[in-house]
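Read the figures in this text as sums done on the coordinates, not as results from a lab. Not measured: the values here are computed from a predicted model. Ideal geometry is used to build each Cβ from the backbone, glycine not excepted, and the neighbour counts take in all protein chains shown.
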Amino acid sequence: MEDLVRIGGEVESLTLRTLKLNTVDALPDRERHVALAADVYAYNEDVLEEAVGAADALYVVVEINGLPVLTRGAIFSYYEFTSRTRLTDE
């Protein structure tokens, strides 16, 4: 478990160094959110959209070395719908 925490911290640190930022708070608000929608198919006037929402916490009890351990991860909500207009981030 400590390895996962350490690796997660290393990935975050590497990402922030690559972006030349000291903290996630330095990111513009628009870039801190992971919710996203995309057009995946269009036919006539209908557009099929797929989207994910914000990351939600997911808690799972797993067995490590014979003991139950509460772990935490992330899960996305998933949406699929049709629309008459294409969605945009603007």
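A compact table of results
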| quantity | calculated |
| --- | --- |
| Simple label model, 7 Å out from Cα along Cβ direction - Glu12 to Thr71, nm | 1.8 |
| Neighbour-count ranking [beta-carbon atoms within 10 angstrom, fewest first] of Leu14, Leu87 | Leu14, Leu87 |
| Per-residue Cβ neighbour rank within 10 angstrom, fewest leading, Phe76, Phe81 | Phe81, Phe76 |
| Segment Ala55-Ala38, extension gain: residue separation times 0.36 nm, minus the distance between their alpha carbons | 4.4 nm |
| Highest-first arrangement of 37-50, 56-69, where packing means the average Cβ count within 10 Å | 37-50, 56-69 |
